[in-house]
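The structure appears right after this line, and notes come after that.
The values are calculated or read from the model by the stated rules, or taken from the named source; none is laboratory data. Because the structure is predicted, anything quoted here is derived from the model rather than measured. Note that we place each Cβ from the backbone using ideal geometry, even for glycine, and neighbour counts take in every protein chain shown. Accessible surface is based on the protein model in full, side chains and every heavy atom, while ligands, DNA and RNA are left aside. Shrake-Rupley method; radii C 1.70, N 1.55, O 1.52, S 1.80 Å.
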Amino acid sequence: MFSLFDAHSSIGRHSRPDLPTAGAMPKTGPFWRRALTGLWIALCLVIYAAAPAEACEPDCALADTVLFELAAPGGVQVFTISINPFLVSGRISARGGTGFPFDGGYVATNYHVVADADMLVIFEDGAVHDVEIIGIDPSADVAVLHPIPPLMETEGLAFAPFDPVTIGQQAIAIGFPLGLGKSMSKGIISDVSRVLPITTSSWMAPYLQTDAAISHGNSGGPLLVSCGRVIGMATTAIIREGAENLGFSIPIPALAPILQSSSRPGRCRGRGTGFTARSCPLRSS
């Protein structure tokens, strides 16, 4: 790499400049060398000033307790009941997941959490809300819900900038694992472009992989950076013998446009992929 020190030190190795005599002005290098040095310093200052910020979010260094206090109101529990009239036993099945509010008082969650639900409610700190499904994108595994009455937390969680997320960046998941109650787990981003063969969602927008604990019941919950902004939606995890800490989330650059489009009442944004049909029946409680 070019160095100013190397440029000047080479002079000393090949020649010995005359020392100034008493009362005389010291000699200086040629004008072009001084101009080049000044230009180099100015260029360095410009590059330093224009350097991009850390990917996605700077490290806010928020304490975990402070982060949970700020972000926890943005996580709500989604509960569904499905009835299969053709079964004698086991005809009623319950399913739970997580959602988070965003602009407009809507709630984002995974489509697989609410698919085929005959009854759907949202629990928010002891309050029960009926739900209207506003829009869905089955291929992307995203659904937008409208709670009735509106949530107390109406502002919703802020989305992180669309800058690339980096491996090693902190990741925090808020959700209701196994329906036990609101929980926070913390880890890092393990990969930023994971494609899984089990879901069409990751084919269109490769998932973020994290080692933050994601279990059944976390689906649809927010994945946050240390500043409390959303970088993804917890969607699935590999849970089997020999697999540990393999959770996956839809990244916010792919998620945000779907939420904005699907939050228009009656909007069905399902996309045919050649493997899945575009079928978007809207239901309400």
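With θ taken as phi - 60° and the Karplus curve 6.51 cos²θ - 1.76 cosθ + 1.60 applied, the whole-hertz 3J(HN,Hα) list for the stretch 195-200 is 10, 10, x, 8, 8, 6 Hz, x standing for glycine and proline. Per-peptide packing, taken as the mean over residues of other Cβ atoms within 10 Å, places 139-147, 118-126 in the sequence 139-147, 118-126 from highest down. What the Cα atoms of the stretch 197-252 give is an Rg and a Dmax of 11.1, 34 Å.
Modelled label positions at SER261 and ALA158, each set 7 Å beyond Cα in the direction of Cβ, lie 2.7 nm from each other.
For the stretch 88-145, a/c is not less than 1.5, where a ≥ b ≥ c are the root eigenvalues of the C-alpha gyration tensor, and a/b does not top b/c. That puts it in the oblate class. Accessible area per residue for the stretch 101-242, computed on protein heavy atoms with a 1.4 Å probe, is 41 Å². Each Lys and Arg Cβ is given +1 and each Asp and Glu Cβ -1; about its Cα centre, the stretch 91-159 then shows a dipole of about 260 debye. Around the Cα centre of the stretch 154-253, unit charges on the Cβ atoms of Lys, Arg, Asp and Glu (plus for the first two, minus for the last two) sum to a dipole of about 120 debye.
Taking packing as the residue-averaged number of other Cβ atoms within 10 angstrom, the listed peptides 106-112, 239-245, 130-136 run from highest to lowest as 106-112, 130-136, 239-245. Net charge of the neighbourhood of VAL192, taken over other residues with C-beta under 14 Å away and scored Lys/Arg +1, Asp/Glu -1, is -2.
Put simply, the convex hull of the Cα atoms in the stretch 141-274 casts, on average, a shadow of 9.2 nm². Once a ≥ b ≥ c are taken as the square roots of the eigenvalues of the Cα gyration tensor of the stretch 142-184, is the result rounded (a/c under 1.5), prolate (a/b larger than b/c) or oblate (a/b not larger than b/c)? Cα axes put the stretch 142-184 in the oblate bin.
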